[in-house]
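Peer 1: Got a structure for you, written out below as structure tokens; questions coming shortly.
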Amino acid sequence: VFPYIGDHNADGYADVAILAPIYPDTSGTGQYQLGKVYIYSYEKIDAIHEEGKSSKPDMFKLLQNYPNPFNPSTVIEYQLPKDAHVSIRVYDILGREIAPLVDGEHTAGYHEITFNGSRFASGVYFYRLTAPGVNQINKMLMIK
């Protein structure tokens with residue numbers, strides 16, 4: 001199946017055409033035909049969201065960093081279902097805070113921050129998200 005996106009009906013809005021694989025003709029001629037299905041839009045599309053990802057998360061969530069292991073920087077994503085004061089801090093294996101990444105009011109939604117560990121040694125580190133009623137910790141590994 002080959003999708004094609006364009007304005008097939010010239011209404012100024014994006015339409016989608018799905019070109020299906022070749023199928024046998026059922027009329028008895030023995031011919032094979034290319035199937036084609038058009039799906040026309042009837043209103044303006046303002047945004048397209050990834051499947052399974054709503055415009056606003058339903059819970060506080062600290063996601064696993066990526067890449068992991070990393071050298072020397074990594075991305076940390078987090079989700080907020082409502083506006084909140086958020087803190088994200090990085091700790092070494094002994095539990096000592098080594099880097100405050102986020103500390104302040106943030107709006108509801110999907111966020112990310114980059115941690116650059118170039119001034120730290122290789123090893124296991126932890127990052128912690130705190131918000132009202134929330135305390136989540138994840139582990140990450142830096143290999144230089």
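Rule-based calculations on the coordinates, nothing more; no lab input. Just so it is clear, the model here is predicted, and its values are computed rather than measured. Cβ coordinates were reconstructed from backbone atoms using ideal geometry, including for glycine residues, and neighbour counts include every protein chain displayed.
Peer 1: Hey, what's the Kirkwood Rh for segment 85-144 if you take every pair of different alpha carbons, in angstrom?
Peer 2: Answer for segment 85-144: a Kirkwood hydrodynamic radius of 12.3 Å.
Peer 1: Once both labels are modelled 7 Å past Cα along the beta-carbon direction, what's the HIS85-PHE126 spacing in nm?
Peer 2: 2.3
Peer 1: Per-residue HN-Hα couplings for segment 72-83, Karplus 6.51 cos²θ - 1.76 cosθ + 1.60 at θ = phi - 60°, whole Hz, x for Gly and Pro?
Peer 2: x, 10, 8, 9, 10, 9, 8, 10, 10, x, 8, 4
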